[in-house]
Amino acid sequence: MKLKRRQRLGQYRIEAHLSSGGFADVYRAYDTVEGIRVAIKIPQGKLVDAETLDTFRREVRTVARLDHPNILPIKTAGTIDGHFCIVTPLGIESLGDRLQRRMARDTAMVFSEQLLEALAFAHKRKIAHLDIKPENMILFPDKRLRLADFGLARVAQRTLAASGSGTVGYLSPDQALGKPSLRSDVFSAGLILWRLMSGQVPEWPFSWPFPGAAKVESKYNPGLIRLVRQATYVDDSKRYASAVPMLAAFQKLRPKALL
């Protein structure tokens, strides 16, 4: 049952239902103690049992290690008035929402770099995200992107009837076969970069050139196109081993990315 407007959960007052996913509902709420608005994610009750909650608590401890400007922090996670709640800062909108409107090429590059910065930081610590998609990238003022939901994919994988975790549109073939790794995140990030550049999402069998190639080739450096190509090989052994070398390659190209 969805929460109602003005319903109280401890110190939080619900203001609006923002979205529903396969695993949780997200609400905008007002923190009556801190005097700020926050996002509250509540896993759907039918998917949550004691074992799942224990698993998620372990994941929260993992996420707590990821203190980075482009990773969405968890303010608190625990049971409030009978609901397991994950409380985070409230952004303006998701990248998925932003992609519904025209975007300048330089802005697309800003978001691309911030995504890779977040992933590289996590990958250096051997932590994979496993559910890279525009809806999990929250935008804040001054074009700040923060990657959300680290850890949730692994919990959802244990609770949802699916082959692997993640969202089908951005899922790597290896992850879909139940063999996720850091290279799975690289693949998904490559698809995000291509969507930012072309406005289109490549689909299985991920044949090259991807849709929108003519548009991309007329506006972006060929090196950047090769970077996306290397990130999205179906054979994961041909991809970047992690987001760390992918970020380094991107930053080398960044000053001359636009034609």
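Looking for something in contact with a helix residue (DSSP H, G or I) (Cβ under 7 Å, 6 or more places away or on another chain), farther than 17 Å from SER181 by Cα and either assigned to a helix (DSSP H, G or I) or modelled with pLDDT under 95 (or both) - is there at least one such residue anywhere in the range 122-130? Within the range 122-130, none of the residues are in contact with a helix residue (DSSP H, G or I) (Cβ under 7 Å, 6 or more places away or on another chain), farther than 17 Å from SER181 by Cα and either assigned to a helix (DSSP H, G or I) or modelled with pLDDT under 95 (or both). Against the criterion of being in contact with a helix residue (DSSP H, G or I) (Cβ under 6 Å, 6 or more places away or on another chain), part of a helix (DSSP H, G or I) and either surrounded by fewer than 23 Cβ atoms within 10 Å (Cβ to Cβ) or of a type in the set (S, T, N, Q) (or both), SER218 does not qualify. Figure legend. Inter-residue proximity from the range 122-133: first residues within 11 Å of LEU147 (Cα to Cα) and free of Cβ contacts under 8 Å to residues at least 60 places away in the same chain, second residues of a type outside the set (A, V, I, L, M, F, W, C) and in a loop (DSSP other than H, G, I, E, B), beta-carbon distance below 8 Å, spacing 6+ or different chains. Indicated pairs: HIS129/ASP149; ASP131/ASP149; ASP131/SER165; ASP131/GLY166; ASP131/THR167; LYS133/GLY166; LYS133/THR167. Restrict the check to the range 134-143 and report whether at least one residue is of a type outside the set (Lys, Arg), assigned to a loop (DSSP other than H, G, I, E, B) and at pLDDT 95 or above. Yes: one or more hits.
If only residues of the range 1-35 that are β-branched (Val, Ile, Thr) and in contact with a strand residue (DSSP E or B) (Cβ under 8 Å, 6 or more places away or on another chain) are counted, the one that is surrounded by the most Cβ atoms within 10 Å (Cβ to Cβ) is VAL26. Residue count for the range 80-102 under the criterion of being under 20 Å from ILE192 (Cα atoms), of a type in the set (Asp, Glu) and not in a strand (DSSP E or B): the result is 1.
Consider only pairs whose beta carbons are under 9 Å apart and that are at least six residues apart or on different chains; among these, list those whose first residue lies in the range 1-18 and is at positive phi and in contact (Cβ under 8 Å) with a residue 60 or more places away in the chain and whose second residue is of a type outside the set (Val, Ile, Thr) and surrounded by fewer than 16 Cβ atoms within 10 Å (Cβ to Cβ). From the range 1-18, the pairs are GLY10/ASP81.
As a summary of the residue check, VAL63 satisfies the conditions (1) within 30 Å of PHE111 (Cα to Cα); (2) in contact (Cβ under 8 Å) with a residue 60 or more places away in the chain; (3) loosely packed, with under 15 Cβ neighbours inside 10 Å; (4) not acidic (Asp, Glu) except for the one numbered (3).
When you go through SER112, SER94 one by one, which is the residue that is farther than 20 Å from ALA24 by Cβ and of a type in the set (Gly, Ala, Ser)?
Values: SER94 fails: farther than 20 Å from ALA24 by Cβ.
On inspection, the qualifying residue turns out to be SER112.
Of the candidates SER198, SER237, SER207, the single residue that is under 19 Å from ARG102 (Cβ atoms) and assigned by TED's automatic domain parsing to the domain that holds HIS123 is SER198. What are the residues in the range 39-58 that are under 15 Å from ALA77 (Cβ atoms) and surrounded by fewer than 18 Cβ atoms within 10 Å (Cβ to Cβ), if any? Scanning the range 39-58 gives THR52, LEU53, ASP54, THR55, ARG57, ARG58. Pairs linking a residue in the range 103-120 that is outside any helix (DSSP H, G or I) to a residue that is surrounded by fewer than 17 Cβ atoms within 10 Å (Cβ to Cβ), with Cβ atoms under 6 Å and 6 or more positions apart or on different chains, do not occur.
If you check PHE210, PHE206, PHE187 for being part of a loop (DSSP other than H, G, I, E, B), among the hydrophobic types (A, V, I, L, M, F, W, C) and surrounded by 17 or more Cβ atoms within 10 Å (Cβ to Cβ), only one passes: PHE210.
The values are calculated or read from the model by the stated rules, or taken from the named source; none is laboratory data. As the structure is a prediction and not an experimental result, all values here were calculated from the model. Neighbour counts are summed over all protein chains in view; Cβ atoms, including those assigned to glycine, are modelled from backbone coordinates with ideal geometry.
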